[in-house]
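First comes the structure, then the notes that go with it.
The values are calculated or read from the model by the stated rules, or taken from the named source; none is laboratory data. Model, not experiment: these values are computed from the prediction. Note that each Cβ is placed from the backbone with ideal geometry, even for glycine, and that neighbours are counted across all protein chains shown. Areas reflect the complete protein model, heavy atoms only, side chains present, ligands, DNA and RNA absent. Shrake-Rupley method; radii C 1.70, N 1.55, O 1.52, S 1.80 Å.
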Amino acid sequence: LPSPTPRSLTQPATPDLLVSPSSQDGDLGSECPEDRGNWTGRLDFLLSCIGYCVGLGNVWRFPYRAYTNGGGAFLVPYFIMLAICGIPIFFMELSLGQFSSLGPLAVWKISPLFKGVGMGTILIVSLVAIYYNMIIAYVLFYLFASLTSDLPWQHCGNWWNTELCLDHHVIRAGNSSLPINISNTVSPSEEYWSRYVLHIQGSSGIGDPGRIRWNLCLCLLLSWTIVYLCILKGVKSSGKVVYFTATFPYLILVMLLIRGVTLEGAWKGIQFYLTPQFDHLLSSKVWIEAALQIFYSLGVGFGGLLTFASYNTFHQNIYRDTFIVTLGNAITSILAGFAIFSVLGYMSQELGVPVNQVAKAGPGLAFVVYPQAMTMLPLSPFWSFLFFFMLLTLGLDSQVRTEPREPAVHSRQPEGSGDPLLLQFAFMETIVTAVTDEFPYYLRPKKASFSAIICIALFLMGLILTTEGGMYWLVLLDDYSAGFGLMVVVITTCLVVTRVYGMKRFCRDIHMMLGFKPGPYFRACWMVLSPATMMALLVYNIVKYQPSEYGNYQFPTWAEALGILMGVLSCLMIPMGMVVAVLQEEGTLWERVQQASRPAMGWGPALEENRSGAYVASLAGSQSPKPLMVHMRKYGGITSYENTAIEVDREMEEEDEEESV
C-alpha cells in the first residue's frame, strides 16, 4: 500500500511570517510567556486598593495636619483638593493599568519615548521599600514588647532612663490641682523609643552609624519574610491576604474609637481636633497641606495602583471603585482623628496639660505618645497589642507612600504616610511585576525565585537602618526618596497621556473598556487642573526647601548632597530613557522623536477578544519575542499592521479636527 501523503503535500503551507507566534507548535510556542494571572475575585482588587491607600498616614498624619491647619475648616480644602487632584489621577492610573494589563515599565508602550518615567518610578519604589520595611520592623518590635503584664515603657528607673524621665503615675499620685510644667522632662515612652529601641545615644550622627541592633535586625528580617510569603504566588496569594489585612484594621480602629470616646476628657481632645478656624483658609499653606495630604495618602505615582489594576479583567468597573476607595480613604482619615484625639484628650486631662503639649504626628505619635496613653488605661498591654497589630496590618496592606519634606516642620521624626504591610505588598508587587513584564519569557516562570532575590537584596541594603545611627539614614531616605522626584513622575505621566498620547484617544480607550467616556469633569482635571496643582506643589517644595534635621541634629552637607542626588536621579531617568528610545529608531532626529512618541505595536488590550477599533488589526502574539513586524522590518517592506495603524492615526486626526471645529 502506498504510504500516506504528507499533509504538507496536500495543503499549501502557510508562510511562517503570517502565522501568529502563539499558534505555532515550534520554538515560538515554547517561548510564549506564562500567564500573568488575574485577581481571583472582584473584591480582591477593591480591598487591595483600600488597603494600599488606607494606612499609617490616616492614623498618624491626617489628624495632626487637620488640627494645625484650621481644625474642621481644613476639611474644605481637603475635599476640594481630593476632587481636583486625587480622584482624577487615581482614575487615570487605574485606567492605564487595566487597559493594557501591563506593569509600570511595560505600560510605556503607550509612548516609548517616555519609558524613563517607569524607570524613575521603580527607583523611587525601591528606595522607599528599603526604609518602609524598617517602620514595619519597629511595629513588630513594639508588638512583641506588648506581650507582657507590665509594659516596659510604663515607668522610669530602667537602665535606659535618665534623670529627666518623669513618670506620669507620679504626677497622678501627687496634687493634680497644681499645674505641672513638663517642658523640661521626658516621658518613659520617649526614652524607651530613643534610648532603648533606637539606642541613638550610641551614634554621633549620620557618619557614625555605630553597631547593628540585632533585635531590630531580626525584626527587619521577619518583616521581609512576611512580605515575601504574602507575595510568593503573586496576586493569587496577596489577593487573599488583603481580605484580612484590609478589613481587620477597621475592626480595631472602631474598638479604639469606642474606648477613646468613653474616656474622661475625650471631648476635650475631639473639640481641639475639630474646632473650625476659618481664618486659616486665607493662608496658601493650608491649601498646599491639603493637596500634599491627598497626593501622598492615595499613593499615586508609586505604580502600585497601576500594578493592581493590571490584574483586573478588562471590563472591571474601576470608575465605581475609584470613588469607593478615594472617599473611603477620606472618611477613614476623619474617623481615625476621633480615635486618636479622644485618647489624647484623656491623656492631657490626666497629666493636667493642654492637648497641644501631647499632640504629635508621625512616629512620634505611633511610638511615643500613643504608647504612653496606653499605659494609663486598664489592661494596657491588651490595648497596646491591638494598636500595634492594627499598624502592622495597615502596613502590610499598603504601599509605602512617604510624605514629602515639610519645610515648616523639621524637628520631626520620619513621617511616611503609607501603610506598612499592604503597602509593602504593593511595593514588592510593583517592582516584581514591572521587571517580569519586561522579560516575561525568562522571569515569569521563576517569579518566586526572582521575588526572593529582590527581598534579600533590599533587606541587605536596609541593614544600615538597624544600626544605632540608623534613624538618621531613615530620615534622609524619607525626606528625599519620594519628594519632588515623585511629583515630576506624576506630572509627566499626566502630560504624556493627555498631550502626547492624546486626550480623545485615551477617552476612546476608556470607552472601549467601560462602555462610556469620561465626562467634562475628568477631562478638565486631566488637561489643566491636576497638572497645574501638582506643579504648584513642586514649586512650593523647591522654594521652601530647608536642610534636613532630626531633633537638634543638623545633617552635614555631604548627607544633604546625597539626599538631593537620590531625588534628582529618579528625574534623570526620564531624559536617559528618551535618549535610549531615540537611538533605537531610524531617520532624522525629529523623525526618531516622532516615531518613539507613538504607541508601540504591542500597545492595547492584552486579549484579542477585547481588541476593537484601532487595535483589531494587531497580532495575537504581539507580545511574543518574534512578532511579524520584527521579521518584516528585518527583511524589508511594511506590514498590514503598520498600514492599518497609519490609516487609523490619520482617521483619528481627521476626527479630532472635525470635533475641534
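Structural remarks
- Cβ-Cβ distances below 8 Å connect the following pairs, each with a first residue in the range 438-450 that is under 19 Å from residue 122 (Cβ atoms), a second residue that is among the acidic types (Asp, Glu), and a separation of six or more residues or different chains: 440/34; 444/34.
- Single match in 377, 335 (criterion: open to solvent by 10 Å² or more (accessible area, probe 1.4 Å) and either in a loop (DSSP other than H, G, I, E, B) or of a type in the set (Asp, Glu) (or both)): 377
- Hey, residue 126 closer than 25 Å to residue 522 by Cβ and of a type in the set (S, T, N, Q) or not: no
Here is a yes/no grid of residues against (1) under 30 Å from residue 66 (Cβ atoms); (2) open to solvent by 40 Å² or more (accessible area, probe 1.4 Å); (3) acidic (Asp, Glu); (4) under 29 Å from the mean Cα position of the chain (by Cα):
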position: 194; (1), (2), (3), (4): yes, no, no, yes
position: 231; (1), (2), (3), (4): no, no, no, yes
position: 240; (1), (2), (3), (4): no, yes, no, yes
position: 244; (1), (2), (3), (4): yes, yes, no, yes
position: 267; (1), (2), (3), (4): yes, yes, no, no
position: 282; (1), (2), (3), (4): yes, yes, no, no
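- Subset tally (residues that are open to solvent by less than 20 Å² (accessible area, probe 1.4 Å) and either in contact with a helix residue (DSSP H, G or I) (Cβ under 6 Å, 6 or more places away or on another chain) or not aliphatic (A, V, I, L, M) (or both)) for the range 81-92: 8
- Selection within the range 447-477: residues that are over 16 Å from residue 225 (Cα atoms) and among the aliphatic types (A, V, I, L, M). The member of this set that is most open to solvent (accessible area, probe 1.4 Å) is 464.
- Among (1) open to solvent by 30 Å² or more (accessible area, probe 1.4 Å); (2) touching a residue at least 40 places away in the same chain (Cβ under 8 Å); (3) not in a helix (DSSP H, G or I) - the single one residue 569 does not satisfy: (3)
- Tallying residues that are within 24 Å of the chain's Cα centre (by Cα) and open to solvent by 30 Å² or more (accessible area, probe 1.4 Å) within the range 511-527 yields 1.
- Screening residue 545 with (1) assigned to a loop (DSSP other than H, G, I, E, B); (2) touching a Ser or Thr at 6+ places or on another chain (Cβ under 9 Å); (3) closer than 23 Å to residue 300 by Cα gives one miss only, at (2).
- Any hit, the range 553-576, residues being among the small types (Gly, Ala, Ser) and farther than 24 Å from residue 541 by Cα: no
- No other residue among 288, 226, 294, 212 is on the phi < 0 side of the Ramachandran plot, open to solvent by less than 10 Å² (accessible area, probe 1.4 Å) and either under 26 Å from the mean Cα position of the chain (by Cα) or aliphatic (A, V, I, L, M) (or both) apart from 294.
- With respect to the conditions (1) open to solvent by 10 Å² or more (accessible area, probe 1.4 Å); (2) modelled with pLDDT of 85 or more; (3) in a helix (DSSP H, G or I), residue 321 lacks only one, and its number is (1).
- Residue 166 open to solvent by 30 Å² or more (accessible area, probe 1.4 Å) and in contact with a Ser or Thr (Cβ under 8 Å, 6 or more places away or on another chain): yes
- Here residue 356 fulfils each of the conditions (1) part of a helix (DSSP H, G or I); (2) modelled with pLDDT of 85 or more; (3) open to solvent by 10 Å² or more (accessible area, probe 1.4 Å) apart from (2).
- Residue in the range 495-510 that is surrounded by fewer than 17 Cβ atoms within 10 Å (Cβ to Cβ), without any contact (Cβ under 8 Å) to a residue 60 or more places away in the chain, among the β-branched types (Val, Ile, Thr) and within 27 Å of residue 115 (Cβ to Cβ) present: no
- Evaluation of residue 532 against (1) of a type outside the set (Asp, Glu); (2) within 24 Å of residue 109 (Cβ to Cβ); (3) free of Cβ contacts under 8 Å to residues at least 12 places away in the same chain (one fails), failing number: (2)
- Filter pass, residue 123 being outside any loop (DSSP other than H, G, I, E, B) and closer than 25 Å to residue 55 by Cα: yes
- Residues being open to solvent by less than 10 Å² (accessible area, probe 1.4 Å), part of a helix (DSSP H, G or I) and within 14 Å of residue 356 (Cβ to Cβ) - total across the range 66-80: 2
- Residue within the range 96-113 that is among the aliphatic types (A, V, I, L, M), open to solvent by 20 Å² or more (accessible area, probe 1.4 Å) and in a loop (DSSP other than H, G, I, E, B) present: yes
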